[in-house]
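Before any comments, here is the structure.
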Number of protein chains: 2
Amino acid sequence: MPTQVATHISEAEAPCCVPAHGQDSLLAVEAEALAARFKALSDPNRLRILSIVSASPEAETCVCDLSEPLNLGQPTVSHHLKIMVEAGLLNREKRGVWAYYSLVPGALDSLAATLIPKA
Amino acid sequence: MPTQVATHISEAEAPCCVPAHGQDSLLAVEAEALAARFKALSDPNRLRILSIVSASPEAETCVCDLSEPLNLGQPTVSHHLKIMVEAGLLNREKRGVWAYYSLVPGALDSLAATLIPKA
């Protein structure tokens, strides 16, 4: 049963599982960019951070509110946040002494679209 | 703008971005399992293998047909394939001297569902 994934994705996202434009396979350069984003999701603490930020009523979370639920030191939390900002998954906004993090709109959707088979 | 992800996913998949069942965040044990799957996608050569397998007209690919398009030695290809089989993304079937690989039905969809915001 052949499986094909959605091709209508943003230009920043390469399709994972179908060849684009009749190419034989995902191009190496596209695969590099996509792999970097999945790498940002490959850590359980980073997934928990995304979960907390997403579930926040204000749709953003202060770095100061992440250490306790994750049972991690603030330098470790900041390290994980930096990786997700660099991967384009989280936005960072400094207000006063604290930084606040929110999901980059559409970033997770675009990544998911590279994996979803066509209906 | 709060973003929430789909909750109707298989029991093997933990939701990434919303708390399940009123919990404060993704549980540590769920995050571990999910992160392991994303880790299998965090390598460009593994994404290219998924692309080739998915695009194959027979919906499966012989290990013998992967070295050349990836420009990798067969031990390296086998290493990547083993990681994806262990992550539950690829099936492996030995026939004669060669092993053939196909996508595990629904595995990529389930993983994508953990990232997709609700409509």
Practice item. Please enumerate the residues belonging to segment A:54-68 that are touching a helix residue (DSSP H, G or I) at 6+ places or on another chain (Cβ under 6 Å), within 11 Å of chain B (Cβ to nearest Cβ) and not aliphatic (A, V, I, L, M). Key: A:Thr61
Review point. Are any of the residues in segment A:106-116 more than 14 Å from A:Ala59 (Cβ to Cβ), assigned to a strand (DSSP E or B) and at pLDDT below 95?
Key: no
Practice item. Could you tell me whether segment B:29-50 includes any residue that is at pLDDT below 90 and either open to solvent by 40 Å² or more (accessible area, probe 1.4 Å) or at the interface with chain A (Cβ under 10 Å from one of its Cβ atoms) (or both)? Key: yes
Check your understanding: Residue check: is B:Leu89 under 30 Å from A:Val53 (Cα atoms), within 12 Å of another protein chain (Cβ to nearest Cβ), open to solvent by less than 10 Å² (accessible area, probe 1.4 Å) and modelled with pLDDT under 90?
Key -> no
Practice item. With the checklist (1) of a type in the set (Gly, Ala, Ser); (2) open to solvent by 20 Å² or more (accessible area, probe 1.4 Å); (3) modelled with pLDDT of 80 or more in hand, flag the one item A:Ser10 doesn't pass. Key: (3)
Check your understanding: What tally of residues in segment B:84-105 results from selecting those that are assigned to a helix (DSSP H, G or I) and more than 19 Å from A:Ala28 (Cα to Cα)?
Key -> 2
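The values are calculated or read from the model by the stated rules, or taken from the named source; none is laboratory data. None of the values given here were measured: they were computed from a predicted structure. A quick note on method: Cβ atoms are made from the backbone with ideal geometry, for glycine too, and the neighbour counts reach across all protein chains shown. Areas reflect the complete protein model, heavy atoms only, side chains present, ligands, DNA and RNA absent. Shrake-Rupley method; radii C 1.70, N 1.55, O 1.52, S 1.80 Å.
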